[in-house]
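Okay, so here's the structure we're looking at.
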Amino acid sequence: MDLPAHLRIVLASLRLPPGRALVAVSGGADSLALLDLLVVTQQDHGLELVVAHVDHGIHPDSGSVAARVSEVARDLGVRCLIGRLNLAARFPRVSETLARTERFRWLRQVAAAEGARIIFLAHHADDQAETILLRSLKGTGVIGLRGMARRRGLLVRPLLGVSRRALAAYAAERGLAPWDDPANADRRHLRSWLRHEVLPLLRERLPQVDRHLRRTARDASRDAEAWDQALGLLPGLDLRDEPDGHSVAAAALAGYDRALAGTVVRAVVRRAGGVLGPRHAGRAAALAASGQSGQWVQLGGGWMAELAFGRLHIRRWTALPSPGPLVLEGAMGEAEWGAWRLRWTREPMPESQGRSALTAWFVPASMRVRPWRRGDRLEPLGGTGTRLAVRCFQDARVPASRRAHWPVFEAEGRVVWIPGVCRANDLLPSAGTEALRVDAHFG
């Protein structure tokens with residue numbers, strides 16, 4: 001196989017966004033081959049490559065491996081970032097799952113800091129076969145049999161059609177000296193046991209087993225793609241994108257039988273980038289049928305479902321405390337408050353401003369941002385008399401679970417603005433006068 005030609009075809013088919021891309025390089029033959037291939041084909045894909053290496057701090061040689069990866073990157077003219085996680089010192093026991101979780105957490109953080117929209121991973125055809133077999137043995141549903149996708153969110157795996165043997169041969173031909181992690185040969189790890197004992201026996205008895213596993217993955221992927229398309233076609237479901245998930249019309253979902261409702265919920269979570277089992281999907285469907293607005297359930301895997309204003313909201317769940325108070329200081333600035341990004345500057349007041357906008361203008365004054373409190377009241381812009389903030393949240397159809405993490409702006413003890421919900425009559429500047437403009441963006 002001509003690997004550079006193969007990679008060019010795969011990358012062209014994926015239509016990746018331009019700009020910066022991380023290349024996760026462990027130091028093994030697979031990832032070194034991926035890095036070299038991406039450099040060789042750089043004139044075709046035009047991406048700015050940055051090597052990202054994770055030193056887990058588990059193996060005593062991990063520091064020298066990091067140094068070796070840095071040297072390879074330097075020789076190829078690629079900038080290299082090293083993440084030192086010190087897992088052995090931080091945790092009493094380090095499992096494969098923990099190491100993988102911490103590794104991906106760091107990679108995503110680096111991608112955000114670097115403005116990278118792609119993280120290249122070196123998973124290949126043998127990894128795919130192992131993944132599908134492993135999931136089958138663990139009792140995964142049909143969707144789990146899809147295996148790893150070539151592209152899912154930030155993650156891009158362009159080598160899923162290439163064997164481990166072909167990558168090792170390429171690395172040797174290019175003079176790349178890989179590091180073999182001893183953990184990959186440790187039979188105590190389930191994946192290593194499958195790789196070194198189970199799959200060789202299966203291949204001996206069933207020579208086409210890898211091809212059959214890949215066919216299973218293709219069939220499962222087609223099934224998932226079909227359900228993704230069906231979500232937009234089901235009468236009355238009214239699928240909508242939300243800032244951190246999706247929502248559907250609860251009445252339509254409640255009208256489906258149990259099997260269909262659960263399958264639809266699983267498809268919605270999958271569309272949002274997650275995976276959900278049938279038991280938790282059934283809990284979400286039951287919530288939709290209950291009609292108990294304001295109630296929510298955890299679905300596992302970092303997901304939750306909430307029934308609010310006739311819609312079932314499915315989104316990521318994090319048990320985070322409400323952000324503390326923040327004072328807006330200076331004539332201009334920028335700050336994060338929870339999941340919100342706030343910016344403020346001075347500019348002339350326009351002719352008018354909206355009551356429920358995400359931008360507001362104020363007479364320059366000392367303001368602070370804090371979480372919503374029960375009993376908060378404000379005098380809505382253009383209205384007379386005060387109103388409970390909770391009523392404003394309800395009018396804006398903000399689900400109850402989000403209100404504790406929603407910014408409330410106050411000045412001299414009075415609520416003057418709840419972004420996207422309600423602007424108060426307080427601190428209103430006259431048109432054309434210098435004002436403090438504040439922009440609030442979620443996510």
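Using a cutoff of 8 angstrom between alpha carbon atoms and counting only pairs six or more residues apart, the relative contact order for the stretch 117-231 works out to 34 percent. Place a +1 charge on the Cβ of each Lys and Arg in the stretch 159-268 and a -1 charge on the Cβ of each Asp and Glu, then give the dipole magnitude about the Cα centre in debye, rounded to the nearest 20. Approximately 680 debye in magnitude. Between the Cα long axis of helix 164-173 and the first principal axis of the chain there is an angle of about 80°, rounded to the nearest 10. Of the residues PRO60, PRO178, PRO325, the one that moves most in a GNM of the chain with alpha-carbon contacts below 10 Å is PRO60.
Computing FRET efficiency as 1/(1 + (r/R0)^6) for ASP238 and ARG391, where r is the C-beta to C-beta distance and R0 is 25 Å, gives about 0.50. Divide the volume of the convex hull around the Cα atoms of the stretch 55-151 by the residue count and you get 144 Å³ per residue.
Across q = 0.22, 0.33, 0.34 Å⁻¹, the stretch 311-352 modelled as identical point scatterers on its alpha-carbon atoms has Debye log10 I(q)/I(0) values of -0.86, -1.19, -1.20, in the order of the q list. Computed over the Cα atoms of the stretch 67-223, pair by distinct pair, the Kirkwood hydrodynamic radius stands at 17.8 angstrom. The label-point distance for ARG84 and ASP257, in a model that sets each label 7 Å from Cα toward Cβ, rounds to 6.1 nm. In the stretch 146-192, the convex hull through the Cα atoms has an average projected area of 4.8 nm², a quarter of its surface area. Considering the stretch 245-332 at the alpha-carbon level, its Rg and Dmax are found to be 15.8, 58 Å. Using +1 at the Cβ of each Lys and Arg and -1 at the Cβ of each Asp and Glu in the chain, identify which of HIS6, ILE118, GLY301 lies farthest towards the dipole's positive end. Highest projection toward the positive end goes to GLY301.
With all protein chains kept in place, the per residue accessible area of the stretch 326-429 amounts to 49 square angstrom at a probe of 1.4 angstrom. Per-residue ellipticity at 222 nm from helix content only, as computed over the chain with -39500 (n - 2.57) for each DSSP H run of at least four residues, stands at -11000 deg cm²/dmol. Of the trypsin sites (Lys or Arg not before Pro) found in the stretch 5-107, the ones in coil according to DSSP and having at most 16 other Cβ atoms within 10 Å of their Cβ are ARG15, ARG93.
Mean sequence separation of contacting Cα pairs (under 8 Å, at least six apart), scaled by the length of the chain, corresponds to a relative contact order of 10 percent. Annotation for the stretch 76-125 versus the stretch 1-62: alpha-carbon center distance of 14 Å. Given a Förster distance of 25 Å, report the FRET efficiency between PHE104 and LEU201 from their Cβ-Cβ distance, rounded to the nearest 0.05. Efficiency, from the Cβ-Cβ distance: 0.20. The value obtained for the stretch 168-305, namely the Cα convex hull volume divided by the number of residues, is 194 Å³ per residue.
Computing percent of Cα pairs over 39 Å apart for the structure here picks out one of [x] 20; [y] 16; [z] 37, namely [z]. Only one residue of GLY420, MET148, GLN109 has its Cα farthest out toward the positive end of the dipole of the chain, where Lys and Arg carry +1 and Asp and Glu -1 on Cβ, and that residue is MET148.
The trypsin sites (Lys or Arg not before Pro) of the stretch 122-166 that DSSP puts in a loop, and whose beta carbon has at most 13 other beta carbons within 10 Å, are LYS138. Under the convention that each Lys and Arg Cβ holds +1 and each Asp and Glu Cβ holds -1, the size of the dipole of the chain around its Cα centre is about 1180 debye.
Just report the Cα centroid separation between the stretch 419-437 and the stretch 277-355, whole Å. After rounding, the separation between the Cα centres reads 24 Å.
Across all directions, the shadow cast by the convex hull of the stretch 278-406 built on its C-alpha atoms averages 9.9 square nanometres. The modelled label-to-label distance between ASP75 and GLN43, using points 7 Å beyond Cα along the C-beta direction, is 2.2 nm. If one takes the longest principal axis of the Cα atoms in the chain, at what angle in degrees, from 0 to 90 and to the nearest 10, does the Cα axis of helix 258-271 lie? Helix 258-271 and the main axis of the chain meet at about 90 degrees. Its alpha carbons give the stretch 360-443 an Rg and a Dmax of 12.5, 39 Å.
The relative contact order of the stretch 230-291, computed from alpha carbon pairs under 8 Å that lie at least 6 residues apart in sequence, is 30 percent. Expressed as a whole percent, the accessible surface of the chain that belongs to carbon and sulfur atoms is 50, based on a 1.4 Å probe. One decimal place: the segment SER95-ILE58 gains 12.3 nm when fully extended, by the rule 0.36 nm per residue minus the C-alpha distance. Compared with the dominant principal axis of the Cα atoms in the chain, helix 278-290 is inclined by about 20°.
The values are calculated or read from the model by the stated rules, or taken from the named source; none is laboratory data. Bear in mind that the values here come from a model prediction, so they are computed numbers and not experimental data. Cβ atoms come from the backbone with ideal geometry, glycine included; neighbour counts cover every protein chain shown. Surface accessibility is based on the protein's heavy atoms, side chains included, excluding ligands, DNA and RNA. Shrake-Rupley method; radii C 1.70, N 1.55, O 1.52, S 1.80 Å.
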